[in-house]
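What follows is a set of notes on a single structure, which appears directly below.
The values are calculated or read from the model by the stated rules, or taken from the named source; none is laboratory data. Since the model is a prediction, treat every value here as computed from it, not as a measurement. Virtual Cβ from ideal backbone geometry, glycine too; neighbours counted across all protein chains shown. Ligands, DNA and RNA are stripped out before the accessible areas are found, and what is left, the full protein with its side chains, is counted by its heavy atoms. Shrake-Rupley method; radii C 1.70, N 1.55, O 1.52, S 1.80 Å.
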Amino acid sequence: MKRYIEVYKIMLRNSLIREMNFAVNFWLWLLTEFLWFMAQVGLVHVVFSFTDAIYGWNKWHVVVLIGTHQLTSQLFTAFFFMNLANLSELIRTGKLDFLLLQPVNSQFIVSSKQFGFDNLINALVGVVFIIFGCYKLALVPSIGQVFAFCVTVIFSVVIHYAFSFSLVSISFWFVRAQGMIYGYYSIMNMARYPDVVWARAHIALRAVLSIVIPVIVVANVPTRTLLGLTTGPSLLWSTGCLIGAAIGILIFSNRFWKFALRHYTSAS
Amino acid sequence: MHALVSKYVKIFQLGLQDTFVYRWNFFIRLFFAAIPLLGLVFYWRAIFDSGQTTTIGGYSYHGMVFYFLLTLFFEAMLSPVEDDWRIAADIREGTLNALLLRPINYRAYRFTLFLSYRVVYAIVALFPILIVAFFFREYIDLSRSWETYALTVLAAIGAGILGFMITYTVALFAFWILEVSTLVFIVFSLEYFFSGHMFPLDIMPEWIYRIVQWTPFPYELFFVIAVYNNKMNGTELLKGFCIQLLWIVFFYLFSKWLWNRGIKKYTAVGG
């Protein structure tokens, strides 16, 4: 464990040096991601100009939801995204061999080599909107709620990571991962909807989207925990799905990675 | 003239073969593009259910779902996929050298390849799109006059050319910056939001919509659907086509300028 912390420290330092070398790039990404988020908020504004509430969720509830999605997805992006996006390049150029030779867990080194500092700032933007939403709702969460929120956010980040890692592992077979990255975005975008909108969906579909591809719970559970929202599916059940999915997909991603690696070595 | 045509026909055929290798990639992309439809259907159902009106910005619930089906269809038919990466790679990895030696125009070469990618993509996309269409058949309303269909095809051709021109222009920045992905992503996010991919642009507050109308992005997608949905009448329609054409000309000239400057720098470095 201690060795992993040491290794991670060195990689963090390298990432920081790297970011400082490409300062313009850093600011551009920061700005783009920020605008992207503002566009989401803009869409909420547009939607709520036609209605006051969606099955008990008003505008500021949804703003907190979007903020929470921003927080979890940007934390994931900060720690892992660049590495996962680069995986197919590593495979194509054969640089992966070099990483596999390192005396640490291969999934760890492949997933965490680069750190995105700009995303950390954008995660904070998400926090600002969560706080602003709470302020508008005239809501002060208890210490317990804030604590539960933080814990569920960690599980959400795990889901983001494990889900996308499983997706990009497919690039061992299909060399271009760009399609997979696109897939991650297009699926996870559904996490920004309040869970109540799925009430009309077939039970089987709801089950799949809560456990296998848990877009229904990934941002909703932390949000509802923080706000104490009781509308929609039982919070206890949803939280169970969140934790179960996080652990399940994480284990799956590791198994799948090892399986894919076997394919890789035999291919070369 | 005949030699010229047959040259580009050859490139077109090469493009077909090259891209067919990546048909699975296209297939996966389309699959992922279709999934969010599922969420959109339920999300908009909930909004319409809890709202006070039966229409939003002139769209009924069915009209709204049909709108998103149309975005899926037109994006599958028109939008460039990975053309930017390939152009940037040509420049960065020096593949361009070999192309410069040949008596072909690089832009025309790329455009021909773009057309052949579109053909492969359309063929690959056809079957899945029919499945999606069958699944959502109650939302589909194809009754339009033949004039509307003709105008839609015209708008779609313009949208395809504009999309290519923007992609090509952005990719040419690879002459100056090693990693164009930041730029590509910025343009992509502008397109994603202002082309009408996320929601119909005319449900936005009037003043924002007015401004967005002057940017190139709606003419890559939203305009085509608006024409198909008979959202525009005489002068407005004409104005739309004019703006689309102006942006095509703008990006044509801009890319030409970039190319001329870039190629000087490129040959200077390559010796």
Among the residues in region B:24-47, are any of a type in the set (A, V, I, L, M, F, W, C), in contact (Cβ under 8 Å) with a residue 40 or more places away in the chain and open to solvent by 40 Å² or more (accessible area, probe 1.4 Å)? yes
With more than 8 Å from chain B (Cβ to nearest Cβ), buried (at least 24 other Cβ atoms within 10 Å of the Cβ), of a type in the set (A, V, I, L, M) and assigned to a helix (DSSP H, G or I) as the only criterion, which of A:VAL197, A:VAL217, A:VAL208 stands out? A:VAL217
The correct count of residues that are part of a helix (DSSP H, G or I), more than 15 Å from the chain's Cα centre (by Cα) and more than 9 Å from chain A (Cβ to nearest Cβ) in region B:182-210 is 6
Among all residue pairs at least 6 apart or on different chains, which show Cβ distances below 9 Å where the first residue, located in region B:228-251, is without any contact (Cβ under 8 Å) to a residue 60 or more places away in the chain and the second is of a type in the set (D, E, K, R) and in a helix (DSSP H, G or I)? B:MET232/B:LYS239
Report yes if some residue within region B:53-66 is closer than 23 Å to B:GLY163 by Cα and not in a helix (DSSP H, G or I); otherwise report no. no
Select from region A:224-258 the residues that are at pLDDT 90 or above, hydrophobic (A, V, I, L, M, F, W, C) and open to solvent by 50 Å² or more (accessible area, probe 1.4 Å) and list them in ascending order. A:ILE243, A:ILE247, A:LEU250, A:ILE251, A:PHE252
Got a number for residues in region A:130-163 being open to solvent by 40 Å² or more (accessible area, probe 1.4 Å), of a type in the set (Phe, Trp, Tyr) and touching a residue at least 24 places away in the same chain (Cβ under 8 Å)? 2
B:THR53 fails exactly one of (1) out of contact with any helix residue (DSSP H, G or I) (no Cβ under 8 Å at 6 or more places or on another chain); (2) within 11 Å of chain A (Cβ to nearest Cβ); (3) surrounded by 16 or more Cβ atoms within 10 Å (Cβ to Cβ), namely (3)
Could you please let me know if A:SER171 is part of a helix (DSSP H, G or I), at pLDDT 90 or above, surrounded by 22 or more Cβ atoms within 10 Å (Cβ to Cβ) and of a type in the set (Ser, Thr, Tyr)? no
Taking region A:25-47 and keeping residues open to solvent by 20 Å² or more (accessible area, probe 1.4 Å) and more than 9 Å from every other protein chain (Cβ to nearest Cβ) leaves A:PHE26, A:TRP27, A:LEU30, A:PHE34, A:MET38, A:VAL41
Considering only region B:83-151, give the helices (runs of 4 or more DSSP H) lying wholly within it that have at least 3 residues that are touching a helix residue (DSSP H, G or I) at 6+ places or on another chain (Cβ under 6 Å) and closer than 21 Å to B:PHE20 by Cβ. B:83-93, B:106-135
Per the filter on region B:19-46, residues closer than 21 Å to B:ILE131 by Cα and more than 7 Å from chain A (Cβ to nearest Cβ) are B:ARG23, B:PHE26, B:PHE27, B:LEU30, B:PHE31, B:ALA34, B:LEU37, B:LEU38, B:LEU40, B:VAL41
If you go through region B:205-218 one residue at a time, how many are in contact (Cβ under 8 Å) with a residue 12 or more places away in the chain and either closer than 22 Å to B:SER60 by Cα or open to solvent by 20 Å² or more (accessible area, probe 1.4 Å) (or both)? 5
Candidate set: region B:144-181, residues that are within 14 Å of chain A (Cβ to nearest Cβ) and free of Cβ contacts under 8 Å to residues at least 12 places away in the same chain; chosen: the one farthest from the chain's Cα centre (by Cα): B:ILE177
Within the bounds of region A:75-91, is there any residue that is touching a residue at least 40 places away in the same chain (Cβ under 8 Å), of a type in the set (Val, Ile, Thr) and under 24 Å from A:TRP36 (Cα atoms)? yes
Scan A:ILE203, A:ILE181 and give me the residue that is among the hydrophobic types (A, V, I, L, M, F, W, C), free of Cβ contacts under 8 Å to residues at least 24 places away in the same chain and open to solvent by 10 Å² or more (accessible area, probe 1.4 Å). A:ILE203
The lone exception for A:HIS61 - which of (1) of a type outside the set (Phe, Trp, Tyr); (2) surrounded by fewer than 17 Cβ atoms within 10 Å (Cβ to Cβ); (3) over 23 Å from B:TYR192 (Cβ atoms); (4) in contact with a Pro (Cβ under 9 Å, 6 or more places away or on another chain) it fails: (2)
